[in-house]
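Colleague: Before anything else, here's the structure in question.
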Amino acid sequence: MTITIDLTPEEEARLQAEARGQGLEASEFLRRLWLGESLIVRDGEGCPTLSGTSVRVSLVVSMHKVQGHTAEEIAEDVFPHLSLHQVQSALRYYERHKGEIEAELEAEQRLIHDLRAKSDQPSREEYLRRLQERQSA
């Protein structure tokens, strides 16, 4: 079946850019959108990841929830190789799979905590406390 879509030159350019960002031809990109196929795949460790990238959904969520970046800021500044559509897909995936992504974020935090405990590097909070003590002395 062939479907024709009338797009303005600007819309076509945006479609082409979105498709390239996914590593897809425009027709395959539209087919996946139409069929509701997810732009999220599982990486080698089984973690949800944006298709065609190594960026995990949990990292996008962390940038949004913890760092306070908007979807637009994430696409433009944090991960300029991602399209806004990809970032929004990651955030929508999170909304549908909060338990899974929250568990992944918690596991990452435990790993960071354990690694810091094994090293001599203080936590961010401890570092800031020590810095304040030095400045007030």
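The values are calculated or read from the model by the stated rules, or taken from the named source; none is laboratory data. Remember, predicted model here, so these are calculated numbers, not experimental data. Don't worry about glycine lacking a Cβ; one is built from the backbone with ideal geometry, like all the others, and counts go over all protein chains shown.
Colleague: If Q67 satisfies every condition in (1) part of a loop (DSSP other than H, G, I, E, B); (2) without any contact (Cβ under 8 Å) to a residue 12 or more places away in the chain; (3) surrounded by 13 or more Cβ atoms within 10 Å (Cβ to Cβ) but one, which is the exception?
Modeller: Condition (3) is where Q67 drops out.
Colleague: Return yes when L82 is surrounded by 15 or more Cβ atoms within 10 Å (Cβ to Cβ) and over 30 Å from D6 (Cα atoms) and no when it is not. Explain how you work it out, then say what you get.
Modeller: Working: surrounded by 15 or more Cβ atoms within 10 Å (Cβ to Cβ): yes; over 30 Å from D6 (Cα atoms): no.
No, not satisfied.
Colleague: Further question on the same structure: I need the full set of residues from the range 70-82 which are out of contact with any His (no Cβ under 8 Å at 6 or more places or on another chain) and assigned to a helix (DSSP H, G or I), in order please.
Modeller: Across the range 70-82, the qualifying residues are E72, E73, A75, E76.
Colleague: Output yes when any residue across the range 30-49 is under 20 Å from H97 (Cα atoms), loosely packed, with under 12 Cβ neighbours inside 10 Å and of a type in the set (V, I, T), and no when none is.
Modeller: No - not one qualifying residue is present in the range 30-49.
Colleague: Now, a different point. Assess whether T53 counts as being within 9 Å of the chain's Cα centre (by Cα), buried (at least 17 other Cβ atoms within 10 Å of the Cβ) and not in a helix (DSSP H, G or I).
Modeller: Details: within 9 Å of the chain's Cα centre (by Cα): no; buried (at least 17 other Cβ atoms within 10 Å of the Cβ): yes; not in a helix (DSSP H, G or I): yes.
For T53, the condition - within 9 Å of the chain's Cα centre (by Cα), buried (at least 17 other Cβ atoms within 10 Å of the Cβ) and not in a helix (DSSP H, G or I) - is not met.
Colleague: Same structure again: Would you please name the residue that is farthest from the chain's Cα centre (by Cα), looking only at residues in the range 1-49 that are in a loop (DSSP other than H, G, I, E, B) and of a type in the set (A, V, I, L, M)?
Modeller: Here is the first cut: in the range 1-49, the residues in a loop (DSSP other than H, G, I, E, B) are 1-8, 23-25, 36-39, 43-47.
Still in the list and also of a type in the set (A, V, I, L, M): 1, 3, 5, 7, 24, 39.
Working: M1: 34, I3: 32, I5: 30, L7: 29, L24: 19, L39: 12 Å.
Of everything passing the filter in the range 1-49, M1 is farthest from the chain's Cα centre (by Cα).
Colleague: Which pairs turn up if I take residues in the range 1-22 that are farther than 30 Å from S54 by Cβ and look for partners that are surrounded by 14 or more Cβ atoms within 10 Å (Cβ to Cβ) with beta carbon separation below 9 Å, at least 6 apart in sequence or on another chain?
Modeller: Final answer for the pair search is I3/L30; I5/L15; I5/L30; L7/R14; L7/L15.
Colleague: Suppose we keep only residues that are surrounded by 10 or more Cβ atoms within 10 Å (Cβ to Cβ) and among the small types (G, A, S) within the range 105-137. Which one would you say is modelled with the highest pLDDT?
Modeller: A107
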